[in-house]
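Read-outs throughout are calculated quantities, based only on the coordinates presented, and are distinct from any laboratory measurement. Nothing here was measured: the structure is a model prediction, and the numbers come from that model. With ideal geometry, Cβ positions are generated from the backbone for all residues, glycine too; neighbour counts draw on all protein chains shown.
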Amino acid sequence: MVRPLNGKGASIVGAEAAVQRDLRFLPAPFDRLGIQANLTYAAGHSEVIYDGTAMELPLIDLSRWSGNATLYYTGRTWDARVAAAWRGTYRIDIGNNGNIGEWIEGAMTLDFAAHAKLTGNLQAMFEARNLTDAPITQYTDREAKRLLARTRSGRVFSLGMRCTF
């Protein structure tokens, strides 16, 4: 029999550090480079009733650590960026059959984007997402880490035009 129960609530605490800096002190043409970076820490938990026993588990979809770093170039008629995003392991479900929780393993992705102004109202764009083809690894039980699935979405490339009126 399955029935919903209200728990005692949840708690969360966290902090984020971020920086953005145009590198104008560099000699041309590197003076149009810039960086953005952030690092986030978040710890949250709630009481979960599992097989009649109360236990503390991390909040669903909350990674303890995550971060991003971007290197960008902004020119007069074109711009480009390369960005890395990392997210730590996070819980997606309570688990079942004696397994405590279902989890997604932490991973990093790498993306690229470039835009070029062709006319006053026409712009070409190119984007490449998930250049590392990072897998999504799902496992069950926080201690045993039994593999449930490992999937790859592949690299995604987009080429297009944007017109403003």
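Please build a GNM for the chain, connecting alpha carbons under 10 Å apart, and tell me which residue among Gly154, Gly101, Gly67 fluctuates the most.
Gly154
Please list, by residue number, every one of the chymotrypsin sites (Phe, Trp or Tyr not before Pro) in the range 9-51 that is coil in DSSP and has at most 16 other beta-carbon atoms within 10 Å.
Phe25
Which one is right for this structure if Cα extents along the principal axes in Å is calculated from it: (i) 67, 37, 21; (ii) 50, 34, 25; (iii) 65, 33, 31?
Working out Cα extents along the principal axes in Å from the coordinates points to (iii).
Using a Gaussian network for the chain with springs between C-alpha atoms less than 10 Å apart, which of these wobbles most: Asp51, Asp61, Asp22?
Checking each option, the largest mean-square fluctuation is seen for Asp51.
Which one of Gln138, Gly120, Trp86 is farthest out on the positive end of the charge dipole of the chain, using unit charges on Cβ (Lys, Arg +1; Asp, Glu -1) and the Cα centre as origin?
Of the listed residues, the answer is Gly120.
Where the centroid of each part is defined by its Cα atoms, how far is the range 85-109 from the range 1-78 in Å?
The distance from the Cα centre of the range 85-109 to that of the range 1-78 comes to 15 Å.
Quick one: if the Förster radius is 45 Å, what FRET efficiency do Ala18 and Ile49 give, using the C-beta to C-beta distance and rounding to 0.05?
Efficiency, from the Cβ-Cβ distance: 0.75.
Taking +1 at the Cβ of each Lys and Arg and -1 at the Cβ of each Asp and Glu, which of Phe165, Leu62, Gln36 sits farthest along the dipole of the chain towards its positive end, judged by Cα position relative to the Cα centre?
Checking the options against the dipole of the chain, the answer is Phe165.
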